[in-house]
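K.L.:
Okay, handing you the structure first.
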Amino acid sequence: MTKLHATTAKELVERIRNKEVTAEEYVLSVFERIHRLEDSIHAFVTVTKEKAIEKAREIDKKISEGKPLGRLAGVAIAVKDNICTKDTRTTCSSKMLESFVPPYDATVIERIKKEDGIIIGKTNMDEFAMGTSTETSYFGPTHNPWNLSRVPGGSSGGSAAAIAAGEATLALGADTGGSIRCPASYCSVVGVKPTYGLVSRYGLIAYANSLDQIGPMARNVYDCALFLSIIAGHDPSDSTSAKAAKRDYTKFLKSSVEGLKIGVPEELFGEGTSGNVEKQVWAGVHKLEELGASCKVTSIPSLDYALAAYYIIAMSEASSNLARYDGLRYGYRTNRDNGDWSTVYSKNRRIGFGAEVRRRIILGTYALSTGYYDKYYLKALKIRTIIRRDFEKAFKEFNVLISPTMPIPPFKIGEKIQDPLALYMCDVDTVSMNLAGLPTISVPCGFTAGLPIGMQIIAPPLHEDLMLQVAYTFEQNTPYKNQKPPLK
Amino acid sequence: MKRRYLSKKNVEHIAWLAHIELSKKEKTLFTKQFNDILEYFKKIDEIDTENVQPTYHVLDLKNVYREDEATPSMPIKEALKNVPKKEKKFVKAPRIV
């Protein structure tokens, strides 16, 4: 039998329901694992052991009393630390919010609790989700469970590492330009960025709100589909929430791609793509061909402009969203605050924010300033229109599109952090789906020198069903989900 | 030769607009990094966007209204829980004038 910490959510819910194991036993085994591994992985910013055990006991009591159970009953869930949890600090891995304790739960947290999921802690991330490696965290980097000297990807690096290391069964991430898919790829787990608006952003601390989207991360496609079914759905508290019908995505998981048309955009295999990544993703495409899909190389030329357009938009929105951090109502406030308001704010924001956050706010301010607004911000928004249109065109010919998630395998901690532009370049294959609001999943598709590689499957808006079906078919016919990182 | 988009003085001014203090060392470092990044952003000039409308967000939403109904507010004590400096029921702000 699979060890408890390596069990999938699906199996676990059944075992707890059938009284083969109690929720408390299982949760304790997860914390035992966390205790043993956290010194080397550092996936968590905050662990909520007491609350989790209390919740597990509540579930066990429900079972013994024969009361109805939620669909996530007993499952240990790690939550990215930019999603608000009532009475549990939510830091965005920033000094600015080091001691911020939200007075309310995000909608996704309410939905997890309603289905009896157990929140075990808050995961490490790039500060305010600005990064590709989880190295910009104020609390220090997370290490990749497959190779501790490598980055786990980012910005949801803690969430991905926790799942890969067996420190959590499910995790929530958030994706602005690849922040779920990149770490999913780098840690060999499955990560979904849903259609923009499918999952409520109420309680998600904003970075670039027209691009941000919360999504599920798990060990396999089924668990992602299950988790997505629970967190998705309209929310009146989020005015950008889509009015899409609530669906059970696990119902669409059949192993078949017969007759599907798959497009492979050549722009997403650009010059910076590593040969091994390219080879492995193509092997994945051929696998789907073998299984009955037809595949064709295609070209979406506007994707070459996606990265620059994305960064201009994301930084501009960030400069506006992060203007709220003045250190007055919450957040870091300096003790030397007898100066005028402007000096005090500027000090709070210098000490409270790390270098990358300050860089993005300043550049975003520049892109929105008089004389540069048309040149940068407006121009980028127009490119966004073209990219969106070009994707629409591509989906007239293809059911889904496939590409590498990341152009290169996980790099060494410290290797790129001094060069912001080199880090931005790593997002080249993931940002365009945020600009167009498309659902995209990253699934494991192999290894190179022991380092994981991920493949992206991109679908038209609100076609999560099809996206998950292709991912599921691929997973069922490849061995990668059974491989475990070399941890004791 | 690479173009210089921003001088150190420009960076100082934008940082001031954004209410972010920078150290001397950072001003030099950020200026260099910003020029590298803006050099890359130049790429967007290559694509023709004549007669293209901007996309601010991808949803087909205009204004989203709700009924203006009063619901219970958060108790003051709870709302002030995260305030670093407070006095009685108030947030203590720095000197404005």
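K.L.:
Return the total of residues in the stretch A:353-379 being buried (at least 24 other Cβ atoms within 10 Å of the Cβ) and farther than 20 Å from residue B:35 by Cβ.
P.N.:
1
K.L.:
Of the residues A:342, A:346, A:320, A:299, which single one is of a type outside the set (Lys, Arg) and at pLDDT below 95? Show your work before the answer.
P.N.:
Values: A:346 fails: at pLDDT below 95; A:320 fails: at pLDDT below 95; A:299 fails: at pLDDT below 95.
So the residue among A:342, A:346, A:320, A:299 that is of a type outside the set (Lys, Arg) and at pLDDT below 95 is A:342.
K.L.:
Quick check: anything in the stretch A:399-408 more than 24 Å from residue B:29 (Cα to Cα), in a helix (DSSP H, G or I) and more than 9 Å from chain B (Cβ to nearest Cβ)? Let's see the steps before the verdict.
P.N.:
Start the filter on the stretch A:399-408 by keeping residues that are more than 24 Å from residue B:29 (Cα to Cα), which leaves A:399-408.
Going one step further and asking which of them are in a helix (DSSP H, G or I), we end up with none.
No - not one qualifying residue is present in the stretch A:399-408.
K.L.:
In the stretch A:1-27, which residues are aliphatic (A, V, I, L, M), out of contact with any helix residue (DSSP H, G or I) (no Cβ under 7 Å at 6 or more places or on another chain) and under 30 Å from residue A:150 (Cβ atoms)? Break it down stepwise before answering.
P.N.:
Within the stretch A:1-27, the first condition is being aliphatic (A, V, I, L, M), and the residues that meet it are A:1, A:4, A:6, A:9, A:12-13, A:16, A:21, A:23, A:27.
Still in the list and also out of contact with any helix residue (DSSP H, G or I) (no Cβ under 7 Å at 6 or more places or on another chain): A:1, A:6, A:13.
Hit for the stretch A:1-27 is A:6, nothing else.
K.L.:
Please go through (1) touching a residue at least 40 places away in the same chain (Cβ under 8 Å); (2) out of contact with any Lys or Arg (no Cβ under 7 Å at 6 or more places or on another chain); (3) away from every other protein chain (no Cβ under 14 Å) for residue A:289 and return the number of the only condition it doesn't satisfy.
P.N.:
(1)
K.L.:
Something else: Just checking, how many residues over the stretch A:112-140 are among the hydrophobic types (A, V, I, L, M, F, W, C), closer than 30 Å to residue A:419 by Cβ and either in contact with a strand residue (DSSP E or B) (Cβ under 8 Å, 6 or more places away or on another chain) or not in a loop (DSSP other than H, G, I, E, B) (or both)?
P.N.:
Just the residues of the stretch A:112-140 that are among the hydrophobic types (A, V, I, L, M, F, W, C), to begin with: A:112, A:118-120, A:125, A:128-130, A:139.
Those left that are additionally closer than 30 Å to residue A:419 by Cβ: A:125, A:128-130, A:139.
From the residues that got through so far, the ones that are either in contact with a strand residue (DSSP E or B) (Cβ under 8 Å, 6 or more places away or on another chain) or not in a loop (DSSP other than H, G, I, E, B) (or both) too are A:125, A:128-129, A:139.
So the answer is 4.
K.L.:
Report, by residue number, each residue of the stretch A:411-452 that is away from chain B (no Cβ under 13 Å) and within 16 Å of the chain's Cα centre (by Cα).
P.N.:
Correct list: A:426, A:429, A:430, A:431, A:440, A:441, A:442, A:443, A:444.
K.L.:
A further question on this structure: Of all residues in the stretch A:425-467, how many are over 29 Å from residue A:313 (Cα atoms) and crowded, with 22+ Cβ neighbours inside 10 Å?
P.N.:
Number of matching residues: 3.
K.L.:
Residues that are over 23 Å from the mean Cα position of the chain (by Cα) and more than 23 Å from residue A:226 (Cβ to Cβ): find the helices (runs of 4 or more DSSP H) completely inside the stretch A:1-78 holding 3 or more of those.
P.N.:
Values: elements: A:9-17, A:23-41, A:49-64.
Of the helices (runs of 4 or more DSSP H) lying wholly inside the stretch A:1-78, those with at least 3 residues that are over 23 Å from the mean Cα position of the chain (by Cα) and more than 23 Å from residue A:226 (Cβ to Cβ) span A:23-41, A:49-64.
K.L.:
Turning to a different aspect of this structure: Kindly establish whether residue A:140 is surrounded by fewer than 24 Cβ atoms within 10 Å (Cβ to Cβ) and on the phi > 0 side of the Ramachandran plot.
P.N.:
Details: surrounded by fewer than 24 Cβ atoms within 10 Å (Cβ to Cβ): yes; on the phi > 0 side of the Ramachandran plot: yes.
So residue A:140 fits the description; yes.
K.L.:
Considering only residues that are hydrophobic (A, V, I, L, M, F, W, C), closer than 28 Å to residue A:417 by Cβ and assigned to a helix (DSSP H, G or I), look in the stretch A:367-382 and name the one that is farthest from the other protein chains (Cβ to nearest Cβ). First the steps, then the outcome.
P.N.:
In the first step, residues of the stretch A:367-382 are kept if they are hydrophobic (A, V, I, L, M, F, W, C); the result is A:367-368, A:378, A:380-381.
Retained after the next criterion (residues that are closer than 28 Å to residue A:417 by Cβ): A:367-368, A:380.
Retained after the next criterion (residues that are assigned to a helix (DSSP H, G or I)): A:367, A:380.
Values: A:367: 8, A:380: 6 Å.
Looking at residues that are hydrophobic (A, V, I, L, M, F, W, C), closer than 28 Å to residue A:417 by Cβ and assigned to a helix (DSSP H, G or I), I get A:367.
K.L.:
On to the next question. Scanning the stretch A:325-347 for residues that are in contact (Cβ under 8 Å) with a residue 24 or more places away in the chain and more than 7 Å from every other protein chain (Cβ to nearest Cβ), which turns out farthest from the chain's Cα centre (by Cα)?
P.N.:
Initially, the stretch A:325-347 is screened for residues in contact (Cβ under 8 Å) with a residue 24 or more places away in the chain, giving A:325, A:327, A:330-332.
Of the ones still in play, those that are also more than 7 Å from every other protein chain (Cβ to nearest Cβ) are A:325, A:331-332.
On the way: A:325: 24, A:331: 24, A:332: 26 Å.
So the residue we want is A:332.
K.L.:
Tell me whether the stretch A:380-395 contains one or more residues that are surrounded by 24 or more Cβ atoms within 10 Å (Cβ to Cβ), under 25 Å from residue A:178 (Cα atoms) and of a type in the set (Ser, Thr, Tyr).
P.N.:
no
K.L.:
Being crowded, with 21+ Cβ neighbours inside 10 Å and more than 7 Å from chain B (Cβ to nearest Cβ) is the filter here; which residues of the stretch A:315-324 pass it? Reasoning before the result, please.
P.N.:
Residues of the stretch A:315-324 that are crowded, with 21+ Cβ neighbours inside 10 Å, as a first pass: A:315-319, A:322.
Answer for the stretch A:315-324, where residues must be crowded, with 21+ Cβ neighbours inside 10 Å and more than 7 Å from chain B (Cβ to nearest Cβ): A:315, A:316, A:317, A:318, A:322.
K.L.:
Consider the stretch B:39-91. How many of its residues are surrounded by 11 or more Cβ atoms within 10 Å (Cβ to Cβ), within 8 Å of another protein chain (Cβ to nearest Cβ) and farther than 30 Å from residue A:389 by Cβ?
P.N.:
Going through the stretch B:39-91 one residue at a time, the tally reaches 9.
K.L.:
Turning to a different aspect of this structure: Is it true that residue A:263 is buried (at least 19 other Cβ atoms within 10 Å of the Cβ), touching a residue at least 24 places away in the same chain (Cβ under 8 Å), of a type in the set (Gly, Ala, Ser) and closer than 30 Å to residue A:423 by Cβ? Steps first, answer last, please.
P.N.:
Working: buried (at least 19 other Cβ atoms within 10 Å of the Cβ): yes; touching a residue at least 24 places away in the same chain (Cβ under 8 Å): yes; of a type in the set (Gly, Ala, Ser): yes; closer than 30 Å to residue A:423 by Cβ: yes.
So residue A:263 fits the description; yes.
K.L.:
Moving to a separate point now. Name every residue in the stretch A:87-124 that is within 22 Å of residue A:69 (Cα to Cα) and within 14 Å of another protein chain (Cβ to nearest Cβ), in order of residue number.
P.N.:
The one that is within 22 Å of residue A:69 (Cα to Cα) and within 14 Å of another protein chain (Cβ to nearest Cβ): A:105.
K.L.:
Looking at (1) modelled with pLDDT of 95 or more; (2) more than 10 Å from chain A (Cβ to nearest Cβ); (3) assigned to a loop (DSSP other than H, G, I, E, B), which is the one condition that is false for residue B:28?
P.N.:
The one condition residue B:28 does not meet is (3).
K.L.:
Is there a residue being more than 8 Å from chain B (Cβ to nearest Cβ) and outside any helix (DSSP H, G or I) anywhere in the stretch A:357-366?
P.N.:
Among the residues of the stretch A:357-366, not one is more than 8 Å from chain B (Cβ to nearest Cβ) and outside any helix (DSSP H, G or I), which makes the answer no.
Residue-wise test of (1) of a type outside the set (Gly, Ala, Ser); (2) touching a Gly at 6+ places or on another chain (Cβ under 9 Å); (3) crowded, with 24+ Cβ neighbours inside 10 Å; (4) farther than 16 Å from residue A:229 by Cα.
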{"position": "A:115", "(1), (2), (3), (4)": "yes, yes, no, no"}
{"position": "A:120", "(1), (2), (3), (4)": "yes, no, yes, yes"}
{"position": "A:157", "(1), (2), (3), (4)": "no, yes, yes, yes"}
{"position": "A:176", "(1), (2), (3), (4)": "yes, no, yes, yes"}
{"position": "A:188", "(1), (2), (3), (4)": "no, yes, yes, yes"}
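K.L.:
(1) touching a helix residue (DSSP H, G or I) at 6+ places or on another chain (Cβ under 6 Å); (2) assigned to a loop (DSSP other than H, G, I, E, B); (3) closer than 21 Å to residue A:433 by Cβ; (4) not β-branched (Val, Ile, Thr): which one isn't true of residue A:167, the others all being true?
P.N.:
Condition not satisfied by residue A:167: (3).
K.L.:
crowded, with 22+ Cβ neighbours inside 10 Å, under 23 Å from the mean Cα position of the chain (by Cα) and within 30 Å of residue A:117 (Cβ to Cβ) - does that describe any residue in the stretch A:246-259?
P.N.:
Taking every residue of the stretch A:246-259 in turn, at least one turns out to be crowded, with 22+ Cβ neighbours inside 10 Å, under 23 Å from the mean Cα position of the chain (by Cα) and within 30 Å of residue A:117 (Cβ to Cβ).
K.L.:
Please verify whether residue B:76 is farther than 27 Å from residue A:432 by Cα and under 24 Å from the mean Cα position of the chain (by Cα), treating the condition exactly as stated. Explain how you work it out, then say what you get.
P.N.:
On the way: farther than 27 Å from residue A:432 by Cα: yes; under 24 Å from the mean Cα position of the chain (by Cα): no.
Considered against the rule, which asks whether it is farther than 27 Å from residue A:432 by Cα and under 24 Å from the mean Cα position of the chain (by Cα), residue B:76 comes out as no.
The values are calculated or read from the model by the stated rules, or taken from the named source; none is laboratory data. Remember, predicted model here, so these are calculated numbers, not experimental data. For neighbour counting, all protein chains shown are included, and Cβ atoms are generated from backbone atoms with ideal geometry for every residue, glycine included.
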